[in-house]
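Novice: Handing you this structure, nothing more for now.
Rule-based calculations on the coordinates, nothing more; no lab input. These figures come from a predicted structure and were not determined experimentally. For neighbour counting, all protein chains shown are included, and Cβ atoms are generated from backbone atoms with ideal geometry for every residue, glycine included.
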Amino acid sequence: MEKNMLKDENDRVDGFLKVTGKAKYFAEYELPGLTYGVLVTSTITKGKITSLDTKAAEKAPGVIAVISHLNKPSAAAYEQEGGPQMKIFYTDKIFYNGQPIAIVVANTFERATYAASLVKATYAKETFNTDFEKALKDPKAKKFQGQADYKRGEENAYKTAEVKLEERYFLPIETHNPMELHGIIADWRPNNQLTVYAKTQGVKATQGTIANVFKIPIENIQVNSEFVGGGFGMALRTWPLEIATVMASKHIGKPVKVVITRMQMFTMVGNRPAAIQTIGLGANKDGKLTGITHRAYGETSTYENFTEGVVNMAKFMYQCDNVNTSYVIIPVDLGVPIWMRGPGEATGAFALESAIDEMAHALDMDPLEFRIKNDPETDQQKNKPFSSKNIKEAYKIGADKIGWRNRKNKPGSLVEGPWQTGYGVSVGVFNANRGKASVKGILKADGSLLLQSATSDIGPGTGTGMTLIANKLMNIPVNKITFELGDSSLPPAPSQGGSATLSTVGSAVNDVCVALKSTIAELAANSNMDATANFVDVLKKNNLPQIEITKESQSGKEKDSYSMYSFSIHFVQVKVNSLTGVVKINKIVSVGDSGTIVSPKTARSQMVGGAVGGIGMALTEESIIDHRYGRYINNNFADYHVPVNADVPEIDVNFINKPDPYINPMGAKGMGEIALIGFSAAVANAVFNATGKRIRTLPITPDKILA
Amino acid sequence: MINFQYLRTTTAKSAIALLVKDKNAKFLAGGTNLIDLMKRGVTAPEKLIDINHVPLKEIKQVGNKIHIGALASNTAVADHVLIKEKLPLLSWALQAGASAQLRNVATVGGNMMQRTRCGYFYDIEMPCNKRQSGTGCGAMEGFNRMHAIFGTSEQCIAVHPSDMCIALVALDAEVVLASTKGERKMLFKDFHRLAGDTPHLDNNLKADEMIIGLEIPINNLAKNYHYLKVRDRASYAFALVSVAAAFEIADNKIIDVRLAMGGVAHKPWRLTASELFLRGKEASLNNFEQAAQLAMKDAKGFGGNDFKLKLAPNTIIEALNLAKSKA
Ligand SMILES: Cc1cc2nc3c(=O)[nH]c(=O)nc-3n(C[C@H](O)[C@H](O)[C@H](O)COP(=O)(O)OP(=O)(O)OC[C@H]3O[C@@H](n4cnc5c(N)ncnc54)[C@H](O)[C@@H]3O)c2cc1C
Ligand code: SF4
């Protein structure tokens, strides 16, 4: 892999802890008297539990309790009418196959596992449907609007365009599958005091959800989640299994740990929902887009609705006066989905960016040229200028590095034996979010700075980024700065999602540092010291062991004046074997346009990780269900194919690294999502360029190439 | 966890003695398949006889044959200089299997005995004749993308998942088996079975027998060979289709040739008709194509795996091409 363009790369501040095994993840906390919970799951897809025999399990060695809807411990919110339908242990309804119906707690994990196998349920079965295609065709199936219809100019203008196309794209269910299994340790103490060790993208969110369900004061709940072994969105909510664990601890008065199995990762913690999309594009013969229609259908559950930004991109990514979108969600009898890296936009970009490539081909234009020709100067949807956008520069860098000049516009032109070579490009875009967060800064006379915020780090390197922001502003060496996170007692911050953490929490770090500096300057002036005096000397002179400032920070009016997005361009070169249908990605060039790069090394890791996730989406990942039974077939790491090293070529990561003048004090925009968004289309486009075959159903496996 | 007794032994004789004493006992070798099956509730032996300390790890040449002990690890076999020099096809096939970590503990005997990866077989809530006779075949009208196209039965269309075994059947290996009655030898090609109406049986090993090792004749196939595995990701995935191809060639005439396919049948699938066709012929693309077509006689898809009807012959051609261009 190529060296980053940016110099001065700092290591992850917690890198040493992670590679030496000293970083402690939730499941590693050994509390005195810890017990182990294992979830029993439904084996039917829809209906009601008619009986649940827990006697054998209760008598099994080491078993402390079996908890289900038969003996549900009190959970105030679930006792009321209304609210969510999936009130764990407060319903005998089965909404999907693999739904937790009981938890067995024992003094060892093995005993709990065995006893769980002894719990026997009988059901009244109902007919069900887990097949999204079938639900879409069924006129009786429920359908909900997922987002307000959007229209600019004329509706379906593509239909009357000089050159037009209308194509349908299918994305199957993907499952996040972070390496770390999900779970929680809950320790409910007398007087309704609760400590949990969680795997969460938001300690405050977990705290709030639990407080809500059990109706206990938020202050009674301490949530710890210092290290998270990957989330990709699946830890953005507190799942029923976590509530079940808290209930169990409350019930037995002992700490309970639950770590679910890899199979349960497919049914208990969400997924990227399947989507069916049609794109209509119209252009004039000169290659100007005259109409974009993006209609999307997304999968959701029967007990809770889930929506995401599938059709967002079509509204502003290209200059076009006539755009209309619709997004409809359709319930099937599966567990509720949740955002997965590049949520919605990644789904939408696969369709839109494939269609753009198809249109370029129809026009006999270079797809890169076509994109540049239709690149908008301003955001036509919001009718505002972009806060910053350097797409054209990014196109150029990427094109040079991938060797775009070697690409032939005619598909199937580059052939060597059975191998066909092709090049593909696509763009990714995601809202440059900035929320509200607080950070406490403690500047100490020993020369150190402690920063604290209840944010999370699911892997991007939050602590590293924050440390580097402070390091730059305060001129304090990195090893003298500590950033504490993953603790609900720290100043509040939002969950880590939507690529917003660096922008949101980083701004608060910035504000704290600025305030600390001016306090030091004041102190220096008051004690007749030079304005440039070192803060250690200033504190000492004033007999202060430390000063402490907390700042809350959020976006201001700039949000109303500018359209703010992060962008990425992905270039890939693929080789396709025409005999075996194998697609090999030979080279990847990704260019990130996300403002200032605060932490080059971890930023680069984000782009690399996004590309690897993109390879999975494009070529290998698919959660397969047998719709006759409503059960997953490939719910394990042997059969659900996350890309391995051999699938990942050299990834050349580049950044524009120009500050966005408006978004926040650092000029930095998020990049977790754009690292993946669009990637799968670049691969599909490259496969088309190599073979002349347009694959509109992901993942692109050998059978589809041969079909 | 369901309790079981763990026994450890250091000789083949005592291992066999322990095995016959208890109907519900199983050998534990690398454990990479057996333990998974126990965790999923597919099998529940009452006794595990750990045979890892039985001295059956040797790899050596005896006369014109290579002997491999049943407990040699997949890595040890793949990396052994004798195998790399004399039977490189076997080395390649092994390296195409699983992951480095798995190969380090997986053994030759265990690899031969590994069970199908059919998803219905692994999920005890689903119908599967192989796991529970008479419950039906979940794959037949379900998800059968990975399944067999040759020699299928109405009861089971699963494939044998091994890579190693594809090379072994091509190399005319023999299996050495032992029981209390002594040793016997069996041609490798006769070791695995078709599903027929006994889908619960994967092979012809008797309940009181232990695999002791393999004997593989040294051949002239160490120059032009290839093991081509087509799979959904570049490593650590089971074969959609794999082909072991090797030939001996003189003046561009094929003197000896071996072809076997994986991912297509309930047993390693030797392509005898194609071999017969190629023998004595020119190593040309045209002949390769004809050989591939011959191999497909009697192939049958079940919907999800129909693509194998095209992929299989293509893979044969490509494997032969690559074997030819080796040299
Ligand atoms: C995720 C994953 C991916 C894999 N991918 C591949 C792949 O791509 N290609 C491939 O070929 N394989 C693959 N494998 C399978 C792997 O090769 C087998 O699991 C392994 O070879 C089994 O060997 P073992 O020694 O661990 O057997 P064990 O699990 O110990 O035993 C398996 C069976 O063999 C029996 N047994 C073992 N030794 C003897 C003996 N000497 N005599 C009689 N019976 C015996 C045991 O009683 C048991 O029933 C994969 C496995 C996993 C888990
Ligand atoms: S193919 Fe065989 S193993 Fe798979 S479900 Fe059918 S009977 Fe079971």
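Novice: Given chain A, what percent of its DSSP beta bridges are antiparallel, to the nearest 5?
Specialist: Counting only bridges with both partners in chain A, antiparallel ones make up about 75 percent.
Novice: If you don't mind, there's one more thing I want to ask. How large is ³J(HN,Hα), in whole Hz, for each residue of the stretch B:224-231 in order, when computed from phi with the Karplus curve 6.51 cos²θ - 1.76 cosθ + 1.60 and θ = phi - 60°, using x for Gly and Pro?
Specialist: Rounded to whole hertz, the list is 9, 8, 6, 10, 10, 10, 9, 8.
Novice: Each residue of the stretch A:281-289 in turn: what ³J(HN,Hα) in whole Hz from Karplus with 6.51, -1.76, 1.60 and θ = phi - 60°, glycine and Pro shown as x?
Specialist: Once rounded to whole Hz, the list reads 10, x, 8, 8, 5, 7, x, 9, 5.
Novice: Another question, then. Cα centroid distance between the stretch A:154-180 and the stretch B:154-212, in Å?
Specialist: The stretch A:154-180 and the stretch B:154-212 have Cα centres spaced 49 Å from each other.
Novice: Can I ask one more? Can you give me the long-range amide H partners of B:A237? Hydrogens built in the peptide plane at 1.01 Å from N, cutoff under 5 Å, separation of 5 or more residues or another chain.
Specialist: For B:A237, whose amide H was placed from the backbone, the distant partners under 5 Å are B:A98.
Novice: Let me ask something else about it. Choose one answer from B:P161, B:P268, B:P217: the residue with the largest mean-square fluctuation in a GNM of chain B with alpha-carbon springs under 10 Å.
Specialist: Greatest mean-square fluctuation among the candidates belongs to B:P217.
Novice: Pull up all non-local amide H partners of B:R231: gap of 5 or more, or a different chain, and H-to-H distance under 5 Å with H placed in the peptide plane.
Specialist: B:L240
Novice: A further question on this structure: Need one number: % antiparallel among DSSP beta bridges in chain B, to the nearest 5.
Specialist: The answer is about 85 percent antiparallel.
Novice: About the Cα centre of the protein assembly as shown, what is the dipole size in debye to 20, counting +1 per Lys and Arg Cβ and -1 per Asp and Glu Cβ, all else neutral?
Specialist: Charge dipole of the protein assembly as shown: 1220 debye, to the nearest 20.
Novice: Quick check: net charge around A:A124, other residues with Cβ under 12 Å of its Cβ, Lys/Arg +1 and Asp/Glu -1?
Specialist: +2
Novice: Taking amide H positions as placed 1.01 Å from N in the peptide plane, with prolines and chain starts having none, which residues 5 or more places from A:N156, or on another chain, fall under 5 Å of its amide H?
Specialist: HN-HN under 5 Å from A:N156: A:N324.
Novice: Further, regarding this structure: State the Cα centre-to-centre distance between the stretch A:638-691 and the stretch B:251-327 in whole Å.
Specialist: The stretch A:638-691 and the stretch B:251-327 have Cα centres spaced 40 Å from each other.
Novice: Further question on the same structure: Looking at this model, which pairs from A:K72/A:K204; A:K396/A:K557; B:K60/B:K86; A:K204/A:K472; A:K24/B:K39; A:K22/A:K444 are more than 23 angstrom apart at the alpha-carbon?
Specialist: A:K72/A:K204; A:K396/A:K557; A:K204/A:K472; A:K24/B:K39; A:K22/A:K444
Novice: Sticking with this structure for a sec: Please compare each pair in A:K120/B:K26; A:K55/A:K250; A:K18/A:K389; A:K151/A:K436 to a cut-off of 26 Å on the Cα-Cα distance and tell me which ones are over it.
Specialist: Distance filter (> 26 Å) returns A:K120/B:K26; A:K18/A:K389; A:K151/A:K436.
Novice: Which percent, to the nearest 5, of DSSP beta bridges fully inside the stretch A:558-696 are antiparallel?
Specialist: 70 percent
Novice: Quick check: the distance between the Cα centres of the stretch A:559-580 and the stretch B:43-77, to the nearest angstrom?
Specialist: Result: 50 Å between the Cα centres.
Novice: Among all stretches of chain A without exposed GluC sites (Glu not before Pro) (DSSP loop, at most 16 other Cβ atoms within 10 Å), which one is longest?
Specialist: No qualifying site falls inside A:378-707, the longest such stretch.
Novice: Please arrange B:I216, A:I633 by counting, for each residue, the other beta carbons lying within 10 Å of its beta carbon, fewest first.
Specialist: B:I216, A:I633
Novice: Can you tell me which aspartates and glutamates have their Cα less than 16 Å from the Cα of A:K410? Leave out same-chain residues fewer than eight positions away.
Specialist: A:D357, A:E358, A:D364, A:D366, A:E369
Novice: To continue, here is another question. May I ask you to sort A:M317, A:M179 by Cβ crowding, counting other Cβ atoms within 10 Å and putting the fewest first?
Specialist: Final ranking by Cβ density, sparse to dense: A:M179, A:M317.
Novice: Work out from phi, with θ = phi - 60° and the Karplus expression 6.51 cos²θ - 1.76 cosθ + 1.60, the ³J(HN,Hα) of each residue of the stretch A:513-527, listed in order in whole Hz, and give x for Gly and Pro.
Specialist: Whole-Hz 3J(HN,Hα) from phi for the stretch A:513-527: 5, 4, 5, 4, 4, 6, 4, 4, 4, 4, 4, 4, 4, 5, 9.
Novice: Toward the positive end of the charge dipole of the stretch A:335-418, about the Cα centre and with charges on Cβ (Lys, Arg +1; Asp, Glu -1), which of A:Q380, A:P337, A:G403 goes farthest?
Specialist: Of the candidates, A:G403 comes out farthest on the positive side.
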